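Worksheet for the structure shown next.
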Amino acid sequence: MEDEWEDAKLRHPVSSKTHGVVRMRRPFGVFIELDGSPEVIGFLDIASYNPHPPVLDLPEVGASVSAEVAFHDEQKRQIRVRVGEPFWNGS
């Protein structure tokens, strides 16, 4: 599993664009199977979902998602992604 995690981080570097398919949906976010990394979970939380044009709900299971890699969550071994501009940009 360690090699799969390291390979996934190389395939999906922070700030890169990625694609995947929603595999599980929860009120707080969706879990995504990322292209080229089915063994590692991609996660899009509701606070990181800001599509343009805006929509009211998270994507459904089976939906294709294009996103930007926000960070690698080492503890959970997840590739965290966001859609659209961050709601908060630190300024």
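In vacuum, with every alpha carbon of the chain counted as one equal point scatterer, what does the Debye formula give for log10 I(q)/I(0) at q = 0.19, 0.25, 0.26 Å⁻¹? Two decimals, please.
The calculated log intensity ratios at q = 0.19, 0.25, 0.26 Å⁻¹ are -0.82, -1.35, -1.44.
Could you tell me the relative contact order of the chain? Use alpha-carbon pairs under 8 Å, at least six residues apart, and round to a whole percent.
Details: 178 pairs, mean separation 28.5, N = 91.
Averaging sequence separation for qualifying contacts and normalising by length gives 31 percent for the chain.
In whole percent, and with a 1.4 Å probe on the protein chains, what portion of the accessible area of the chain is carbon and sulfur?
Numbers: 3170 of 5740 Å².
Within the chain, the accessible surface is 55 percent carbon and sulfur.
Could you compute the net charge surrounding SER15? Neighbours are other residues with a C-beta less than 13 Å from the C-beta of SER15; K and R count +1, D and E count -1. Display every interim value, and only then the final one.
Numbers: positive: LYS9, LYS17, ARG80, ARG82; negative: GLU68.
Local charge sum for SER15: +3.
In whole Hz and in residue order, list the ³J(HN,Hα) couplings for the range 13-29 that follow from phi through the Karplus curve 6.51 cos²θ - 1.76 cosθ + 1.60, θ = phi - 60°; x for Gly and Pro.
Those phi angles translate into x, 4, 6, 7, 8, 9, 9, x, 10, 5, 10, 8, 10, 10, x, 9, x Hz.
Mind ordering 48-61, 69-82 by average Cβ neighbours within 10 Å, highest first?
Numbers: 48-61: 12.1, 69-82: 16.4.
Final packing ranking: 69-82, 48-61.
Quickly estimate the mean residue ellipticity at 222 nm for the chain, helices only: each DSSP H run with n ≥ 4 gives -39500 (n - 2.57), and the total goes over all residues, rounded to 500. Working shown, then result.
Values: 1 runs with 10 residues, N = 91.
The per-residue figure over the chain is -3000 deg cm²/dmol.
Quick one: angle between helix 2-11 and the longest Cα principal axis of the chain, in degrees between 0 and 90, rounded to 10, please.
50
The values are calculated or read from the model by the stated rules, or taken from the named source; none is laboratory data. Not measured: the values here are computed from a predicted model. So basically every Cβ, Gly included, is an ideal-geometry build from the backbone, and we count neighbours across all protein chains shown. Accessible surface areas use protein heavy atoms only, side chains included; no ligands, DNA or RNA. Shrake-Rupley method; radii C 1.70, N 1.55, O 1.52, S 1.80 Å.
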